[in-house]
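This report refers to the structure that appears directly beneath it.
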Amino acid sequence: MLTTGMGETASDFLAHTLAPPVAVGIGAAGLAAALAAQLWAARHRAGIYWFAVVMVSIFGTMAADVLHVALGIPYAVSTAAFAVALAAILWLWYRTEGTLSIHTVTAGSRSVALPSQ
């Protein structure tokens with residue numbers, strides 16, 4: 001609940017303080033930085049993990065608001081579209097890895113070069 005509230009509050013603050021395209025750009029850059037840091041971390045780091053969680057909540061709120069407010073797409077439609085996209089990603093992951101278990105993740109994908117530990 002805290003990350004959802006933080007995402008909503010931060011998204012609204014940025015969108016009402018800055019021009020909405022600038023706010024979305026900052027949100028996208030923050031999400032990209034957080035995901036890059038998470039994917040390239042040699043081991044679990046709580047600060048990086050929570051930074052990624054917070055940026056997903058902020059940018060996710062921005063994405064939903066842009067679709068609803070700017071494009072007039074109802075939340076029910078965007079929710080269904082995001083659910084289908086998530087299902088497709090999980091299906092692809094399962095087809096590639098043979099499992100969805102996080103306990104089998106010990107290294108990055110075989111097609112991605114990870115930095116040495």
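The values are calculated or read from the model by the stated rules, or taken from the named source; none is laboratory data. All of these numbers come straight from a predicted model, not from anything done at the bench. Cβ placement follows ideal geometry from the backbone for every residue including glycine, while neighbour counts extend to all protein chains displayed.
Couple of notes before you dig in:
- Of the residues making up the range 15-24, those that are closer than 13 Å to Val66 by Cα and either surrounded by 14 or more Cβ atoms within 10 Å (Cβ to Cβ) or polar (S, T, N, Q) (or both) are Ala15, Pro20, Ala23, Val24.
- Some residue of the range 36-45 being surrounded by fewer than 15 Cβ atoms within 10 Å (Cβ to Cβ), modelled with pLDDT of 95 or more and part of a helix (DSSP H, G or I): yes
- Residue list for the range 73-101, restricted to those being assigned to a helix (DSSP H, G or I) and among the β-branched types (Val, Ile, Thr): Val77, Thr79, Val84, Ile89, Thr96
- Members of the range 46-83 found to be surrounded by fewer than 18 Cβ atoms within 10 Å (Cβ to Cβ), among the polar types (S, T, N, Q) and under 15 Å from the mean Cα position of the chain (by Cα), listed by number: Thr79
- Among the residues of the range 18-32, those that are under 11 Å from the mean Cα position of the chain (by Cα) and among the small types (Gly, Ala, Ser) comprise Gly27, Ala28, Gly30, Ala32.
- Qualifying residue in the range 40-51 (condition: within 21 Å of Ala70 (Cα to Cα) and among the aromatic types (Phe, Trp, Tyr)): no
- Every pair of residues 6+ apart whose Cβ atoms lie under 9 Å, when the first sits in the range 65-79 and is free of Cβ contacts under 8 Å to residues at least 40 places away in the same chain while the second is part of a loop (DSSP other than H, G, I, E, B) and surrounded by 14 or more Cβ atoms within 10 Å (Cβ to Cβ): Leu67/Ile73
- All conditions but one from (1) under 19 Å from the mean Cα position of the chain (by Cα); (2) at pLDDT 90 or above apply to Ile102; the one that does not is (2).
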